[in-house]
Amino acid sequence: MMIFNQCGNMIAMMTLPSDLTNDQLRTLVIKLQRENTRLAELLAQARQARFGRKAENFSPAQLSLLDEDSETDISALEAELEKTLPAAPLATVNKPKRQALAAHLPREEIRLEPESANCPQCGDPLRFLRDEINETLDYIPAQFIVRKTVRPQYSCPCCQTVHSAELPAQVIDKGQAAPGLLAHITINKCVDHLPLYRQSQIFARDGITLPISTLSDWMGKVGVALKPLVERLHALLCEQKVLHADETPLTLLAGKKGTTQRGYLWAYASPAAAEQRMVMFDCQPGRNGGYAQTFLTGFTGTLVVDDYAGYKSLFASGAIKEAGCLAHVRRKFFEQYKVNHHPLAKRVLDGIRELYKLERLIKTRTTQNRQRWRNRYAKPHLATLHALLLAQQHQVPGNSGIHKAILHALKRWPALLCYLDDGALPIDNNHIENCIRPVALGRKNWLFAGSLLAGQRMAGIMSLLQTAKLNGIEPFTWLSFVLTHIPTWKNSQLDELLPFAKNTFA
């Protein structure tokens with residue numbers, strides 16, 4: 001048998017024996033049909049990945065096929081929750097209005113008087129009625145300033161000694177970079193993803209010559225200065241009862257000049273609803289699970305992860321419990337629905353949708369209440385979903401994408417059920433993926449993170465800055481304050497410098 005592509009060129013050849021029976025031919029046809037289905041799925045997935053929308057939005061056109069009473073259950077839950085919550089005011093439909101400009105911004109008033117104080121129609125004097133105000137937002141380019149510190153020197157006529165005030169301690173001893181400039185460069189690189197070479201070009205437009213080597217050296221000094229805070233944040237992270245974990249590739253410079261190697265940025269975070277919101281990044285040269293085990297030394301709690309095998313060694317001793325990610329399970333069924341609108345994928349997505357709807361309804365409840373509602377509504381719903389997957393795993397082709405999605409879900413099922421027993425556990429690992437997303441944006445601009453040591457320093461800086469953002473703290477305000485005070489700050493009071501909402505930085 002010869003197989004040709006669309007251009008007529010032979011791309012494969014299969015020689016079949018001439019004495020095949022009908023049963024053998026049927027078996028071969030079935031095998032080829034399954035292989036054709038598998039390849040068609042792979043092609044559709046590749047097209048979707050290349051040209052399709054990346055969002056995983058799913059809007060079912062009908063009620064859940066998994067459980068015909070699920071909508072009734074959720075409606076009953078909504079009604080029961082409403083009894084314990086204050087009534088919300090009725091929403092009114094208004095036309096969209098232009099948002100007022102921020103009140104904290106300084107105002108520069110420009111007053112425009114009429115050309116004449118008399119009426120152009122009758123000539124009588126005009127009387128003041130009111131001010132008509134129109135505000136526009138303008139921008140004044142940032143500017144460099146030179147802070148000149150003058151220290152008068154005095155001599156003693158008697159002993160001929162010279163006396164003057166001591167220079168305040170600085171992050172860079174006797175350096176020319178003030179805390180505000182160091183904070184600006186660091187925020188540009190680690191928050192706004194602006195590489196140092198672009199910053200150097202921007203500074204040059206203002207007539208300031210700051211080579212990339214100088215900026216890189218300053219960034220290294222900032223990393224060294226912040227190291228005590230990074231270590232303290234690490235200690236607090238390992239004291240949490242629940243953590244998320246994930247990892248993403250990061251290009252590092254190798255030993256030879258001009259060569260690179262594939263490294264990984266490991267990420268760990270407390271849940272989004274935690275009292276102390278924090279995230280930490282750890283740059284390592286590989287993806288071996290030993291890196292996570294070393295970083296989480298001392299942590300005893302629940303770790304929310306995907307199915308990456310590197311985390312399995314963490315759970316061997318029993319000191320750390322594994323919780324699964326429902327979003328990863330959902331994603332595999334969503335791929336099948338998006339590619340070929342598989343009916344089973346839709347049924348599973350409908351069922352998962354109800355679980356997420358419950359989570360939205362109980363989001364603001366206490367951990368005890370969340371656990372109670374989950375066991376009352378989510379637990380039986382998950383049992384029905386589990387029974388569906390068990391029944392269907394032998395009804396679909398063994399090498400198909402939907403079969404792989406079912407096997408993945410069943411494999412992760414014990415870890416997926418963990419969130420039922422603890423209201424503090426999230427239903428998925430999306431929070432850590434959101435924390436990693438800025439790294440993915442920066443990765444497109446940085447090209448590489450320097451050496452391993454430079455990557456580890458940057459990971460520490462990013463940990464503090466992203467933690468500040470999680471707690472609603474403006475990163476530049478926090479970092480400039482810290483760089484001003486940390487040279488003389490007591491180690492026993494480091495917690496007061498951490499970017500948590502309870503601290504003030506002014």
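A few remarks follow.
- Test: residue in the range 134-148 that is more than 38 Å from the chain's Cα centre (by Cα) and within 25 Å of Gln99 (Cα to Cα): yes
- The one condition from (1) surrounded by 14 or more Cβ atoms within 10 Å (Cβ to Cβ); (2) in contact (Cβ under 8 Å) with a residue 24 or more places away in the chain; (3) under 27 Å from the mean Cα position of the chain (by Cα) that Lys404 does not meet is (3).
- Output for the range 137-154, where each listed residue is in contact (Cβ under 8 Å) with a residue 12 or more places away in the chain and among the polar types (S, T, N, Q): Gln143, Thr149
- Selection over the range 182-205 of residues that are touching a residue at least 12 places away in the same chain (Cβ under 8 Å) and assigned to a loop (DSSP other than H, G, I, E, B) gives a count of 4.
- Any chance Leu349 is of a type outside the set (Lys, Arg), over 24 Å from Ala274 (Cα atoms), in a helix (DSSP H, G or I) and within 27 Å of the chain's Cα centre (by Cα): yes
- Sole exception among (1) under 24 Å from Ile212 (Cα atoms); (2) modelled with pLDDT of 95 or more; (3) in contact with a Cys (Cβ under 6 Å, 6 or more places away or on another chain) for Ser480, by number: (3)
- Lys332 falls short on exactly one of the conditions (1) under 18 Å from Cys418 (Cα atoms); (2) assigned to a helix (DSSP H, G or I); (3) in contact (Cβ under 8 Å) with a residue 24 or more places away in the chain, and that condition is (1).
- When the residues of the range 149-181 are filtered to those that are among the small types (Gly, Ala, Ser) and in a loop (DSSP other than H, G, I, E, B), the one that is farthest from Gly223 (Cα to Cα) is Ser164.
- Residue satisfying all of: in the range 452-497; part of a helix (DSSP H, G or I) and in contact with a Lys or Arg (Cβ under 6 Å, 6 or more places away or on another chain); farthest from Val279 (Cα to Cα) among these: Leu494
- Pairs with Cβ under 8 Å, 6+ apart, first in the range 155-179 and free of Cβ contacts under 8 Å to residues at least 60 places away in the same chain, second charged (D, E, K, R): Ser164/Arg151; Ala165/Arg151; Leu167/Arg151; Leu167/Lys174; Ile172/Lys221; Gly175/Lys221; Ala178/Arg147
- Selection within the range 232-253 - within 29 Å of Val171 (Cα to Cα) and either assigned to a loop (DSSP other than H, G, I, E, B) or touching a Leu at 6+ places or on another chain (Cβ under 9 Å) (or both): Arg232, Leu233, Leu236, Leu237, Cys238, Leu250, Thr251, Leu252, Leu253
The values are calculated or read from the model by the stated rules, or taken from the named source; none is laboratory data. Predicted, not measured: the structure shown is a model, and the values here were computed from it. So basically every Cβ, Gly included, is an ideal-geometry build from the backbone, and we count neighbours across all protein chains shown.
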